[in-house]
Amino acid sequence: MNSDTAQPVKQLHSDWLYDPNPRYYDEMVAADGTIRPRWQPLIEPLEQMGKAGFARRWQEGRRVIHENGTTYNVYSDPQNASRPWPLDPLPMVLDSMEWSHIAAAVAQRASLLNAILADLYGPQKLLRDGLPPELVFPNPAFLRPCCHVRVPGDVHLHIYAADLARSPDGRWWVIADRTQAPSGAGYALENRLVSARVLPDVFRGAHIHRLATFFQTYKEALLSLAPGRKENPRIVLLTPGPYNETYFEHAFLARYLGFTLVEGGDLTVRDNRVFLKTLGGLPPVDLIVRRQDDTYCDPLELRPDSMLGVPGLMGAVRSGTVTVANALGSGLVESAAPASFLPGLCRRLLGEELKMPAVATWWCGEEPALSYVLQNLANLVIKPVFPSPGVQPMFGALLSAAEKAALVERIRATPSAYVAQEQVPLSTVPVWKDGMLQPRHLVLRVYAVASAGSYIVMPGGLTRVTASLDDLVTSMQSGGGSKDTWVVAGEPTSQFSLLPPSSSRLDVSRATFDLPSRVADDLFWLGRYVERVEPAVRVARVILPRLFQESDLMAMAGVAAGKRILTGLGYIREEPQPLNGQLGSLEREVLAMIYDGQADNSLPANIHRVRSVAWLLRDRISADAWRILNQLDLQLSAPPPPEPIRISGAQALLDQAISTLSAFGGLVMESMTRGDGWRFLDIGRRIERAIQMVELIRHGLGFECDTDSGQLEALLEIADSSITYRSRYLTSMQPELVLDLLLLDEANPRSAAYQLVQLHDHIDRLPGSRSPVRRAAAARIAISLLTAVQLAEVGECIGANPEGRRENLEILLNRLTSELRVLSETLTRQYFSQAIASRQVSVP
């Protein structure tokens, strides 16, 4: 249905040159060159701001995408790298009249496919009434264990997506159904957040339909499906993990909807009931929103080689103790082969005519269809009858003669394995590229959620565009892009944008969120990696300004101390020649440590590890915390400045890094709820800070008795304790006083003793740490560490043996290092293992 019947409006301003291809329907420009009416609320403000003003706004949009960490994993990348989400700043625009037709057709199609699934996994009457069994039973997506398994409300499709394309005559067609675990709804919401930030005035003035109500409807529908505690069910979002192409979306939706993001290893089935593995026990799970293919969900009954699933999940579903959305087996109707049967099925099952047909489809398992396909191969798109990951459609028009002959041979050999569809000349839409508007083909993905016996359609969707006008595939894996989709309302729309609280009354609770062992492990290592970065930053910041003070013996002593520390920490190589002869080499090594992202132990590499762990916690850490860590990664990933200003640039970069690290530390202390999650993050920080301080003392102070004042000053500066020392002792530099401040002083937040006090307190509060009989192993180690520093005498530590060596200090530091590492390993065994026999199942 094409609603462009209003009076044509003016042409595009000459400053915004746009030349659509007349062979295709263009979404913005009509055949006579005028702007379609629905685009006018967008085009007029754009012409007023001009291309330069729009480009400045889009810089803000790109910054937001980077700050939010909106990414998409590309499987073809050898490093499986996540790339920034490819969003085009210009939205796709539709009007309410046209949208009402699209929404009604998509809702009808969702109801139809849901009814087909209910029959094929139930009485299978459709197979007796003409639907070829060859399209059902050989389909790998037909899961026999799901037959005759009741699903709540007979709803198999809780969320459905249809890929739509517009033909040259302006009509919309369905080119694909997404029923397995439809992706992209979260990206559509993220697109909206970015576009509304880039064009806030345009967005408000155009009266665009909001998306938040759709997600609230989805959440309420899921809450109603939980078979357990209806007043406050536990819902988890099951993800294949961080290497999945749309992992960002999984974390984003889990946070937005308030669900717990889990992987298969976070769940366990006992007595036909699903439980979440947490540090405090095994709370029951009522509903699983799955974002992985159903065959991977249960290695016992569905796919034995799956490492992503939950053994026994199928049995729990069969017993009715947990609901899975979408229902297991719903991928059955994603095949394009039954498309030619859908009009008849719609009349039979719904008593209605199909409102939006699929593109013309021929299943080669029927002789007339096979004959037509072989004669018209150049005009068709050939697909496997059953969708297969990584298998792309074949466009007959793009095949060489030899490729066509080979394809014909394969089709003749197994005709029932292929389906052909008419190649629709996809419509085009303008994209902003290289400061110009250029046409690209588009496919519109529209979403519907089951609610109250029907389906509610998102007033918008995910518009995907091709990489070039010659390309016909809109897949992100193939380099395609995306757009926000605006549905223009005729009047101001609802301003609802936040999820309201549940209507049911709940008891007050101060419990923190359920903490799976995997998440505790990630938080622990996030804390360790963050603290591992800071000493190297501070050492480099001490060395660089002293490199140009060769005549200052105290400065050179500080450089020597810093060099020993960096060598001991593994950042630079040890050089046998005297320091004065290697200052140039030291400068190069320090700069390489700061700028060389390829070196395994450089600052950029360590910061990237921080960001990688933080990426796994996107649903657990605040948006502010993510932005801080992402900013740190961006700061230290920037290319080095030109040679003449590289030293000063490095010093400025190190100052920024310290500020950013301090911001993260402040956020952790002031904004995180004091639960087990915060506790494990801080335990990781305290263990690493204690280890780093021990190493600073070992290599900075050393075990020889000839300690220089410049060495002590540098050590205090690296340990961020200069002000405290001078406030106590003024200008007198004595090694025993420095050692006391950095090793034994429990009031100094940088000292090893302070870290051990905090560790003792944290570990004492962990689940299972106290026992009527004996303390847990980690608690005993924490007590041993704290006792070691509390009983140490600074005079004995700093004193020398007959050989002039600080033997007692060396013994103490070796003990601390050893026990801190044992403590880390003990915590891993005690809390981060996925199989802990002592966990008790909690009663709902």
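Scanning the range 284-327 for residues that are farther than 24 Å from Phe832 by Cβ, touching a Lys or Arg at 6+ places or on another chain (Cβ under 6 Å) and part of a loop (DSSP other than H, G, I, E, B) yields Asp286, Thr321.
Among residues of the range 149-170 that are β-branched (Val, Ile, Thr), those with a beta-carbon under 6 Å from a residue that is part of a helix (DSSP H, G or I) at least six positions away or on a different chain give the pairs Val149/Arg318. When we screen Thr474, Thr493, Thr463 for residues that are open to solvent by less than 50 Å² (accessible area, probe 1.4 Å), modelled with pLDDT under 75 and of a type in the set (S, T, N, Q), the only hit is Thr493.
Annotation: Ser195 fulfils all but one of (1) surrounded by fewer than 18 Cβ atoms within 10 Å (Cβ to Cβ); (2) among the small types (Gly, Ala, Ser); (3) over 17 Å from Ala325 (Cα atoms); the unmet one is (1). Only one of the listed residues (Leu632, Leu654, Leu617, Leu712) is part of a loop (DSSP other than H, G, I, E, B) and surrounded by 17 or more Cβ atoms within 10 Å (Cβ to Cβ). That residue is Leu617. Based on what the data block shows, is Ala536 within 26 Å of Gly649 (Cβ to Cβ), assigned to a helix (DSSP H, G or I), open to solvent by 10 Å² or more (accessible area, probe 1.4 Å) and of a type in the set (Gly, Ala, Ser)? It is false that Ala536 is within 26 Å of Gly649 (Cβ to Cβ), assigned to a helix (DSSP H, G or I), open to solvent by 10 Å² or more (accessible area, probe 1.4 Å) and of a type in the set (Gly, Ala, Ser).
Residue count for the range 291-308 satisfying the condition of being under 23 Å from the mean Cα position of the chain (by Cα), open to solvent by less than 30 Å² (accessible area, probe 1.4 Å) and more than 19 Å from His156 (Cβ to Cβ): 1.
Taking the criterion of being within 15 Å of Gly570 (Cα to Cα), of a type outside the set (A, V, I, L, M, F, W, C) and surrounded by fewer than 17 Cβ atoms within 10 Å (Cβ to Cβ), the only residue of the range 581-597 that qualifies is Asp596.
Conditions (1) surrounded by 12 or more Cβ atoms within 10 Å (Cβ to Cβ); (2) in contact with a Lys or Arg (Cβ under 9 Å, 6 or more places away or on another chain); (3) within 24 Å of Leu332 (Cα to Cα), marked per residue:
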| residue | (1), (2), (3) |
| --- | --- |
| Ser371 | yes, no, no |
| Leu374 | yes, yes, no |
| Leu377 | yes, yes, no |
| Ile382 | yes, no, yes |
| Pro387 | yes, no, yes |
| Ala401 | no, no, no |
| Glu409 | no, no, no |
| Pro415 | yes, no, yes |
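Among the residues of the range 36-46, those identified as within 18 Å of Arg204 (Cα to Cα) and open to solvent by less than 40 Å² (accessible area, probe 1.4 Å) are Arg38, Trp39, Gln40, Leu42, Ile43, Pro45, Leu46.
Somewhere in the range 276-283, is a residue part of a strand (DSSP E or B), closer than 30 Å to Arg192 by Cβ and either of a type outside the set (Ser, Thr, Tyr) or in contact with a strand residue (DSSP E or B) (Cβ under 6 Å, 6 or more places away or on another chain) (or both)? Looking through the range 276-283, none of the residues is part of a strand (DSSP E or B), closer than 30 Å to Arg192 by Cβ and either of a type outside the set (Ser, Thr, Tyr) or in contact with a strand residue (DSSP E or B) (Cβ under 6 Å, 6 or more places away or on another chain) (or both).
Of the residues making up the range 219-229, those that are surrounded by 16 or more Cβ atoms within 10 Å (Cβ to Cβ) and touching a strand residue (DSSP E or B) at 6+ places or on another chain (Cβ under 8 Å) are Glu220, Ala221, Leu222, Leu223, Leu225, Ala226, Gly228.
Selection within the range 619-646: residues that are within 17 Å of the chain's Cα centre (by Cα) and polar (S, T, N, Q). The member of this set that is farthest from Ala657 (Cα to Cα) is Ser622.
Checked against the criterion of being open to solvent by less than 10 Å² (accessible area, probe 1.4 Å) and within 27 Å of the chain's Cα centre (by Cα), the range 337-344 contains not a single residue that satisfies it. Cβ-Cβ distances below 7 Å connect the following pairs, each with a first residue in the range 127-138 that is in contact (Cβ under 8 Å) with a residue 40 or more places away in the chain, a second residue that is in a loop (DSSP other than H, G, I, E, B) and surrounded by 12 or more Cβ atoms within 10 Å (Cβ to Cβ), and a separation of six or more residues or different chains: Pro132/Gly365; Glu134/Gly365; Leu135/Ser335; Val136/Phe142.
Scanning the range 768-803 for residues that are in a loop (DSSP other than H, G, I, E, B) and modelled with pLDDT of 90 or more yields Ala792, Glu793. Of the candidates Gln180, Gln216, the single residue that is crowded, with 20+ Cβ neighbours inside 10 Å and either in contact (Cβ under 8 Å) with a residue 60 or more places away in the chain or closer than 21 Å to Ala107 by Cα (or both) is Gln180. For Val269, the stated conditions hold: it is part of a strand (DSSP E or B), modelled with pLDDT of 95 or more, open to solvent by 10 Å² or more (accessible area, probe 1.4 Å) and touching a helix residue (DSSP H, G or I) at 6+ places or on another chain (Cβ under 7 Å).
Here's the yes/no breakdown for (1) at pLDDT 95 or above; (2) touching a helix residue (DSSP H, G or I) at 6+ places or on another chain (Cβ under 6 Å):
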residue	(1), (2)
Pro283	no, no
Arg290	yes, no
Asp293	no, no
Asp305	no, no
Gly309	no, yes
Met314	yes, yes
Val317	yes, no
Leu328	yes, yes
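Could you grab me the full set of residues in the range 346-355 that are touching a residue at least 60 places away in the same chain (Cβ under 8 Å) and either touching a Phe, Trp or Tyr at 6+ places or on another chain (Cβ under 6 Å) or open to solvent by 20 Å² or more (accessible area, probe 1.4 Å) (or both)? Listed by number, the residues that qualify are Arg348, Leu349, Leu350, Glu352, Leu354, Lys355.
Any idea which of Gly490, Gly460 is outside any strand (DSSP E or B), under 30 Å from Leu225 (Cβ atoms) and touching a Ser or Thr at 6+ places or on another chain (Cβ under 8 Å)?
Gly460
For the range 147-177, filtering for residues that are acidic (Asp, Glu), surrounded by fewer than 23 Cβ atoms within 10 Å (Cβ to Cβ) and either at positive phi or under 28 Å from the mean Cα position of the chain (by Cα) (or both) leaves 2. Residues in the range 719-746 that are modelled with pLDDT under 90 and open to solvent by 80 Å² or more (accessible area, probe 1.4 Å): Leu730, Thr731. Looking only at residues of the range 202-211 that are modelled with pLDDT of 90 or more and open to solvent by 10 Å² or more (accessible area, probe 1.4 Å), we find that the one that is farthest from Thr239 (Cα to Cα) is His209.
Annotation: of all residues in the range 747-763 being open to solvent by 30 Å² or more (accessible area, probe 1.4 Å) and part of a helix (DSSP H, G or I), the one that is nearest to Leu701 (Cα to Cα) is Tyr754. In the set (1) open to solvent by 30 Å² or more (accessible area, probe 1.4 Å); (2) out of contact with any helix residue (DSSP H, G or I) (no Cβ under 7 Å at 6 or more places or on another chain); (3) not in a loop (DSSP other than H, G, I, E, B), the condition left unmet by Asn232 is number (3).
The values are calculated or read from the model by the stated rules, or taken from the named source; none is laboratory data. Computed from a predicted model, the values in this text were never measured in an experiment. Cβ coordinates were reconstructed from backbone atoms using ideal geometry, including for glycine residues, and neighbour counts include every protein chain displayed. Calculation scope for accessible area: heavy atoms of the full protein, side chains included, ligands and nucleic acids excluded. Shrake-Rupley method; radii C 1.70, N 1.55, O 1.52, S 1.80 Å.
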